[in-house]
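These notes concern the structure reproduced below.
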Amino acid sequence: LANRMFHPDDTVVDVSGVLVGNDHLTLIAGPCSVESQEQVLQIARDIKSSGADLLRGGAYKPRTSPYSFQGMGSQALDYLCEAKKETGLPIVSELMSEKHIDEFNDKVDLVQIGARNMQNFDLLKEVGERVKKPILLKRGLSNTYEEWLMSAEYILSHGNPNVILCERGIRTFESYTRNTLDLQAIPVLKRLTHLPIVIDPSHAGGKWWLVEPMAKASVAAGCDGVMVEVHNDPESALCDGPQSLKPERFDQLAKSLRALKNII
Ligand code: PEP
Ligand code: MN
């Protein structure tokens, strides 16, 4: 179902009115985690004025350490809904467990499956069967294109046809950066599949100053969208501060990405 050979036309996924995979470059921005009502509302206003299309925000967080901030859960989704009501930006958040599917169907516009759950096959089946919203499927930390597409296939074959792929960097021997952004994923996936592809340069590099050059390179390579972490006060962020852009920098980035998209 994901194979370009049997579906030659590009798929365009409708995220509550935002079309992902058409000629418009989709910009997704927001904090790694929702930390308070004021925080998410302020960031939502800022990214909206910079021309973002979708607001991201973590509610249930897949943290390496059980002692790290785990996210505000249900309350975070309510804060995101408030921010959506004010700004009109549809929301993206990560689903970690089938327990929360009903809640996500009610409140979230684009349901993210994180890198660590890319091969959680039971979750993928449930998502295919029961999630009524489109899915943003991140690439696993060390997964091949074939494995990633097979995970998409789980969702598609279980009944949800709206899948967007997200490259977020893979593990390599390099430890200076958090992960290594695989730019080749863009042209390779464009050849193998009709599904849209979004790039997350924040989790790839792990450093805010890598976001701009890698986002530009991704647009130049033909991605359908870019997802960036934006925080009003990165130094005090509860999660992923070092890779988060301040709103002013996101504003600059959004302008340059739009300009770049226009000339390619
Ligand atoms: C995230 O988007 O905040 C996240 C946890 O991403 P990943 O699953 O790619 O690590
Ligand atoms: Mn993050």
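Can Leu95 be described as in contact with a Leu (Cβ under 7 Å, 6 or more places away or on another chain), within 14 Å of ligand 1 (Cβ to nearest atom) and on the phi < 0 side of the Ramachandran plot?
On the way: in contact with a Leu (Cβ under 7 Å, 6 or more places away or on another chain): no; within 14 Å of ligand 1 (Cβ to nearest atom): yes; on the phi < 0 side of the Ramachandran plot: yes.
No, not satisfied.
What are the pairs with Cβ atoms under 7 angstrom where one residue, in the range 197-212, is on the phi < 0 side of the Ramachandran plot and without any contact (Cβ under 8 Å) to a residue 40 or more places away in the chain and the other, located anywhere, is buried (at least 23 other Cβ atoms within 10 Å of the Cβ) and polar (S, T, N, Q)? Sequence gap at least six, or different chains.
Ile199/Ser218; Pro201/Ser218; Gly205/Gln243; Lys207/Gln243
For the range 186-202, how many residues meet the condition of being surrounded by fewer than 23 Cβ atoms within 10 Å (Cβ to Cβ) and either under 16 Å from Arg171 (Cα atoms) or not β-branched (Val, Ile, Thr) (or both)?
Final tally of qualifying residues: 5.
Out of Val34, Val92, report the one residue that is crowded, with 20+ Cβ neighbours inside 10 Å and either over 19 Å from Val198 (Cβ atoms) or over 14 Å from the mean Cα position of the chain (by Cα) (or both).
None of the others qualify; the one that does is Val34.
Please work out which one of (1) part of a loop (DSSP other than H, G, I, E, B); (2) of a type outside the set (Lys, Arg); (3) in contact (Cβ under 8 Å) with a residue 40 or more places away in the chain; (4) at negative phi is the condition Gly51 fails and give its number.
The one condition Gly51 does not meet is (4).
Would you mind stating whether Leu80 is in a loop (DSSP other than H, G, I, E, B), among the hydrophobic types (A, V, I, L, M, F, W, C), at pLDDT 95 or above and under 26 Å from Gly21 (Cα atoms)?
When the stated conditions are applied, Leu80 does not pass them.
Among all residue pairs at least 6 apart or on different chains, which show Cβ distances below 8 Å where the first residue, located in the range 99-128, is more than 19 Å from His158 (Cβ to Cβ) and the second is among the aliphatic types (A, V, I, L, M) and within 16 Å of ligand 2 (Cβ to nearest atom)?
Lys107/Leu80; Lys107/Ile91; Asp109/Leu54; Asp109/Ile91; Asp109/Val92; Ala115/Leu141; Arg116/Leu141
Could you grab the pairs with beta carbons closer than 7 Å, sequence gap of 6+ or different chains, first residue in the range 142-167 and more than 15 Å from Thr11 (Cβ to Cβ), second one of a type in the set (A, V, I, L, M) and surrounded by fewer than 15 Cβ atoms within 10 Å (Cβ to Cβ)?
From residues that are more than 15 Å from Thr11 (Cβ to Cβ), the pairs are Tyr145/Val188.
In this structure, is Ala217 away from ligand 1 (no atom under 13 Å from the Cβ), within 17 Å of Leu245 (Cβ to Cβ) and modelled with pLDDT of 95 or more? I'd like the intermediate steps shown before the answer.
Details: away from ligand 1 (no atom under 13 Å from the Cβ): yes; within 17 Å of Leu245 (Cβ to Cβ): yes; modelled with pLDDT of 95 or more: yes.
Yes, satisfied.
When only residues in the range 181-207 that are in contact with a helix residue (DSSP H, G or I) (Cβ under 7 Å, 6 or more places away or on another chain) and either part of a strand (DSSP E or B) or under 21 Å from Ala259 (Cα atoms) (or both) count, which is farthest from ligand 2 (Cβ to nearest atom)?
Per the stated criteria, the residue is Thr193.
For (1) in contact with a helix residue (DSSP H, G or I) (Cβ under 9 Å, 6 or more places away or on another chain); (2) away from ligand 1 (no atom under 16 Å from the Cβ), each residue gets a yes or a no:
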| position | (1), (2) |
| --- | --- |
| Asp102 | yes, yes |
| Lys107 | yes, yes |
| Leu110 | no, no |
| Ile113 | yes, no |
| Arg116 | no, no |
| Asp122 | yes, yes |
| Lys125 | yes, yes |
| Arg130 | yes, yes |
| Leu136 | no, no |
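Being more than 16 Å from ligand 2 (Cβ to nearest atom), part of a loop (DSSP other than H, G, I, E, B) and crowded, with 18+ Cβ neighbours inside 10 Å: is that true of Cys223 here?
yes
Is it true that Arg56 is touching a residue at least 24 places away in the same chain (Cβ under 8 Å) and away from ligand 2 (no atom under 16 Å from the Cβ)? Step through it out loud before you land on a result.
Working: touching a residue at least 24 places away in the same chain (Cβ under 8 Å): yes; away from ligand 2 (no atom under 16 Å from the Cβ): no.
No, not satisfied.
The values are calculated or read from the model by the stated rules, or taken from the named source; none is laboratory data. In this text the structure is predicted, and so the values were computed from the model without any measurement. Positions of Cβ are generated from backbone atoms using ideal geometry, with glycine treated the same way; all protein chains shown enter the neighbour counts.
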